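Below you'll find the structure, written out as structure tokens, and then a few comments.
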Amino acid sequence: MSNPFRIGILGSGKGSNFVAIADAIAAGKVPAQIAIVLSDVETAGILAHARERNIAAQYIPPGPFRTKLGEEAERAFVSALRVADVDLIVLAGFMRVLKGDFLRAFENRIINIHPSLLPSFPGLESWKQALDHGVKVTGCTVHFVDAGVDAGPIIGQQTVPVLDNDTLESLHQRIHAAEHQLYPECIAAIARGETSIIGRRVIWRKK
Ligand code: GAR
């Protein structure tokens with residue numbers, strides 16, 4: 001492949017989705033290259049996992065706010081992603097909401113994974129919201145990121161049954177396992193140019 005599809009991955013936590021994506025690329029299932037990994041948390045597992053694989057990984061201090069990036073941080077994230085020349089930005093447990101300038105810099109080129117079947121249970125601890133509500137089926141969603149929270153056009157979803165004996169931990173674990181299948185599949189489809197956004201719908205056409 002002459003021009004590999006370049007992805008930048010942003011995460012704040014353990015990085016198990018990063019590992020699933022990196023493993024799927026290594027196994028030849030996703031035609032892409034991870035150009036850079038960025039985190040707003042200096043000790044995040046995702047940075048350590050990236051460095052173990054010799055992938056460029058950088059901590060960028062997020063600034064004074066709790067749920068969004070400060071102006072300087074936003075500029076630093078955008079600049080690092082531009083220098084890395086990424087085609088797609090993959091949010092993998094990045095726990096800050098992206099705002100105007102960031103979104104405009106990469107319009108329709110940012111995707112996120114969320115641990116519920118959106119539009120049900122946006123926000124935090126979606127597996128707890130699902131258990132508390134008593135739904136029988138939950139799952140995970142990959143979607144394009146827009147100005148809303150967990151709100152952009154849906155690329156893919158995978159269901160996970162809620163079992164009678166589920167605890168918070170057991171349900172969360174099965175949703176994570178579903179994420180590790182779904183995210184690489186969605187990234188592969190985008191990298192192959194098989195998806196297009198039509199209004200709120202994302203259409204998949206095999207090439
Ligand atoms: C994942 O479950 C992902 O769905 C969630 O963070 C976790 C990161 O896990 N993201 C969100 O809740 C975003 N709204 P990981 O660091 O092990 O990949």
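The values are calculated or read from the model by the stated rules, or taken from the named source; none is laboratory data. What you see is a predicted model, and the numbers here were worked out from it, not measured in a lab. Virtual Cβ from ideal backbone geometry, glycine too; neighbours counted across all protein chains shown. For accessibility, only protein heavy atoms count, side chains too; no ligands or nucleic acids. Shrake-Rupley method; radii C 1.70, N 1.55, O 1.52, S 1.80 Å.
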Please give the per residue volume of the convex hull enclosing the alpha carbon atoms of the range 9-93, rounded to a whole number of Å³. 82
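Rounded to the nearest 5, what % of the DSSP beta bridges within the chain are antiparallel ones?
Numbers: 15 of 33 bridges.
Here the antiparallel bridges make up roughly 45 percent for the chain.
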Roll a 1.4 Å probe over the protein chains and send me the accessible area per residue for the chain in Å². 51
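For the range 60-184, calculate the relative contact order in percent as a whole number, restricting contacts to Cα pairs under 8 Å that are 6 or more residues apart. Could you put the intermediate results ahead of the total?
Details: 189 pairs, mean separation 24.6, N = 125.
This gives 20 percent for the range 60-184.
DSSP loop trypsin sites (Lys or Arg not before Pro) in the range 117-180 with at most 12 other Cβ atoms within 10 Å of their Cβ, which ones? Write out the running numbers ahead of the final one.
On the way: sites: K128, K136, R174; in loops: K136.
Sparse-neighbourhood loop trypsin sites (Lys or Arg not before Pro): K136.
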Within the chain, how many lysine pairs that are 8 or more places apart, or on different chains, have C-alpha atoms less than 25 Å apart? 9
For the chain, what class follows from the C-alpha gyration tensor (a ≥ b ≥ c being the square roots of its eigenvalues): rounded when a/c is under 1.5, otherwise prolate if a/b is larger than b/c, else oblate? rounded
Would you mind counting up the charge near P62? Only other residues with Cβ under 14 Å from its Cβ, with Lys and Arg at +1 and Asp and Glu at -1. 0
Phi angles of the range 38-54, converted by Karplus (6.51 cos²θ - 1.76 cosθ + 1.60, θ = phi - 60°) into ³J(HN,Hα) in whole Hz with x for Gly and Pro, give 10, 9, 8, 10, 4, 9, 4, x, 4, 5, 5, 4, 5, 5, 4, 9, 6
Could you tell me whether the range 1-58 comes out rounded, prolate or oblate from its Cα gyration tensor? Rule is a ≥ b ≥ c as square roots of the eigenvalues, rounded for a/c under 1.5, then prolate if a/b exceeds b/c, otherwise oblate. prolate
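Summarise the accessible area of the chain (1.4 Å probe, protein heavy atoms) by the percent that is carbon and sulfur.
Details: 5460 of 10540 Å².
Whole-percent figure for carbon plus sulfur exposure: 52.
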So how exposed is D101, as accessible area in Å² (1.4 Å probe, rounded to 10)? 100
Looking at the chain as a GNM with Cα springs under 10 Å, which of E74, E107, E185 has the largest mean-square fluctuation? E107
Let a ≥ b ≥ c be the square roots of the eigenvalues of the Cα gyration tensor of the range 32-81; is it rounded (a/c under 1.5), or, if not, prolate (a/b larger than b/c) or oblate? oblate
